[in-house]
Amino acid sequence: MAIVKIQPRPRAAVDSPKVGFVSLGCPKALVDSEQILTRLRAEGYVIAPTYQDADLVVVNTCGFIDAAVDESLSAVGEALAENGKVIVTGCLGAKQGGAFVRAAHPKVLAVTGPHAAGEVMDAVHAHLPRPHDPFVDLLPPQGVKLTPRHYAYLKISEGCNHRCTFCIIPSMRGALVSRRLSDVMNEAENLFKAGVRELLVVSQDTSAYGVDVRYRTGFWRGRPLKTRMNELVQALGALAEEYGAWVRLHYVYPYPHVDEVVPLMSEGGSGILPYLDVPFQHASRRILKLMKRPANTENTLERIRAWRAIRPQLTIRSTFIVGFPGETEAEFEELLDFLGEAELDRVGCFAYSPVDGAAANALRGALPEAIKEERRARFMMAQAAISARRLRALVGRTIDVLVDAIDGPRAIARGAGDAPDIDGVVSVIDGAALTVGDFARVTVTGSDQHDLVARCAQLPRACGRARY
């Protein structure tokens, strides 16, 4: 388990209290970690690079599936063994009101749920007080980030109003709470000003942004704007174009108004990327009904065709669950048929896991693990062929990429269809002269099931930079 490593400020006093930080889970949890770290730094705490250097450790946990629970409990145990003073936060902390974590690790100092920066700070103050020193604790407007300098996650809301039977997130993170539109836009602008080239919009349900406040009118740069996904996307796209940056949309439920978002996507260059992360989860109407998935009556295939007619270069990412209680072989075959027709670009698949507290656990027809894993393997084999075919169609094309790293003679980059960590990469074999965080123009020369290989599009010794 790696502890978050952030270089302490050189001017910080030697005796300043030091906090170690371990961040687990999804991008929404990462944003929670960033908010806590920002408040810690704002109050003068130093972020320790190791357990041994820390006066106490904060562990931000995940509790979505059993494997995540095990990883989180292991991380807490490691922090206790290495340091001894641990504050637990995050989704696992909300389970049984904190009793679940305390039962496994009774020596933790405090336990809070997710999106609880204030409670975490209260616990830190109780065990490691530190007076504010404005001469030492200066912070940049964008706050502390755990991502590389050139991309960042932008969380637009917290919680979820849905009650999907396989999910326990609403019991941990609560109902939907949308952030003020002006706060979202101000954070986005601060990030762009700090050099961020790609913003990844995240939430539990991006399409539902503003539902909880009845799409009330907010203001940005003196203009009235409704607190609604479409208006937010339009404003973020315009802002991104000002700074020559990308915006990528994640966790987009396929509500009807998403059809109005696709035309707002850029056809090339900066702005809203032609990329949608849409968690379809299944194709069988009966299974979707058992899952209590929103928008399960939509004609998904027709809408996918319509989206691609508007933006032919659109990349669609999705996730699916196989082996859901009661899923028949015929319903699984229906899912495979859907996969073949939809030709999705990026796909993840999970064998159903009976998460403690999920309503689906009470459904009849639980499948043996062997069958669930066999279906997952068949699903991924079918998708691998689709992915390879779609990536092969890009060979010979010139595309814009964002450089993530330099690895010897090559650059590791991502195109418009590649979100960090979850999608593929573009290996620019002659890109050693590129700069991390810059855009570049490359020509695709090869592909496999997940990744692309490319060469610089212009001079043989220097890759041309894409300028927006």
(request) Please work out if Arg346 is buried (at least 18 other Cβ atoms within 10 Å of the Cβ) and more than 25 Å from the chain's Cα centre (by Cα). (result) no
(request) Could you tell me which residue of the range 357-384 is most open to solvent (accessible area, probe 1.4 Å), considering only residues that are in contact with a helix residue (DSSP H, G or I) (Cβ under 9 Å, 6 or more places away or on another chain) and within 16 Å of His450 (Cβ to Cβ)? (result) Ala382
(request) Among the residues of the range 308-338, write down those that are within 27 Å of Glu369 (Cβ to Cβ), surrounded by fewer than 21 Cβ atoms within 10 Å (Cβ to Cβ) and not small (Gly, Ala, Ser). (result) Thr319, Pro325, Thr328, Glu329, Glu331, Glu333, Glu334, Leu336, Asp337, Phe338
(request) Go through the residues of the range 60-70 one by one and say whether even a single one is open to solvent by 10 Å² or more (accessible area, probe 1.4 Å) and at pLDDT 95 or above. (result) no
(request) Run Val347 past the list (1) over 20 Å from Asp66 (Cβ atoms); (2) in a helix (DSSP H, G or I) and report the number of the one that doesn't hold. (result) (2)
(request) Name every residue in the range 44-59 that is closer than 17 Å to Glu119 by Cα and either under 19 Å from the mean Cα position of the chain (by Cα) or open to solvent by 50 Å² or more (accessible area, probe 1.4 Å) (or both), in order of residue number. (result) Val59
(message) Suppose we keep only residues that are open to solvent by 40 Å² or more (accessible area, probe 1.4 Å) and modelled with pLDDT of 95 or more within the range 410-429. Which one would you say is farthest from Tyr151 (Cα to Cα)?
(response) Ile429
(request) Restricting attention to the range 350-372, report how many residues are outside any loop (DSSP other than H, G, I, E, B) and not charged (D, E, K, R). (result) 8
(request) List every residue pair whose Cβ atoms lie under 8 Å apart, where the two residues are 6 or more positions apart in sequence or sit on different chains, the first residue falls within the range 154-179 and is within 17 Å of Ser207 (Cβ to Cβ), and the second residue, located anywhere, is among the aromatic types (Phe, Trp, Tyr). (result) Ile156/Tyr209; Ser157/Tyr209; Cys167/Phe64; Ile169/Phe64; Ser178/Tyr209
(request) Enumerate the pairs (first residue in the range 77-93 and over 19 Å from Lys28 (Cβ atoms) and touching a residue at least 24 places away in the same chain (Cβ under 8 Å); second residue anywhere and in a helix (DSSP H, G or I) and open to solvent by less than 40 Å² (accessible area, probe 1.4 Å)) with beta-carbon separation below 7 Å, excluding pairs fewer than 6 apart on the same chain, so at least 6 apart or on different chains. (result) Val86/Val76; Val86/Ala79; Val86/Leu80; Ile87/Val120; Ile87/Ala123; Ile87/Val124
(request) Return the only residue of Gly118, Gly25 being outside any strand (DSSP E or B), of a type outside the set (Asp, Glu), within 24 Å of the chain's Cα centre (by Cα) and at pLDDT below 85. (result) Gly118
(request) Go through (1) without any contact (Cβ under 8 Å) to a residue 12 or more places away in the chain; (2) within 22 Å of Asp32 (Cβ to Cβ); (3) charged (D, E, K, R) one by one and return the number of the condition Arg149 breaks. (result) (1)
(request) Considering only the range 95-112, state which residues are open to solvent by less than 30 Å² (accessible area, probe 1.4 Å) and either touching an Asp or Glu at 6+ places or on another chain (Cβ under 7 Å) or in contact (Cβ under 8 Å) with a residue 60 or more places away in the chain (or both). (result) Thr112
(request) Look at the range 33-43 and say how many of its residues are open to solvent by 10 Å² or more (accessible area, probe 1.4 Å) and under 21 Å from Pro170 (Cα atoms). (result) 1
(message) For the range 169-195, give me each residue that is touching a Lys or Arg at 6+ places or on another chain (Cβ under 7 Å) and either open to solvent by 60 Å² or more (accessible area, probe 1.4 Å) or at pLDDT 90 or above (or both).
(response) Gly195
(request) Please give the number of the condition Leu200 fails out of (1) within 16 Å of the chain's Cα centre (by Cα); (2) open to solvent by 10 Å² or more (accessible area, probe 1.4 Å). (result) (2)
(message) Step by step: first the residues of the range 128-142, then only those that are within 29 Å of Gly159 (Cα to Cα) and surrounded by fewer than 19 Cβ atoms within 10 Å (Cβ to Cβ), then the one that is modelled with the lowest pLDDT. Which residue is that?
(response) Leu139
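The values are calculated or read from the model by the stated rules, or taken from the named source; none is laboratory data. Everything numeric in this text was worked out from a predicted model, so none of it was measured. Glycine gets a Cβ as well: all are built from the backbone with ideal geometry, and neighbour counts include every protein chain shown. Please note that ligands, DNA and RNA were not included when accessible areas were found on the heavy atoms of the full protein model with its side chains. Shrake-Rupley method; radii C 1.70, N 1.55, O 1.52, S 1.80 Å.
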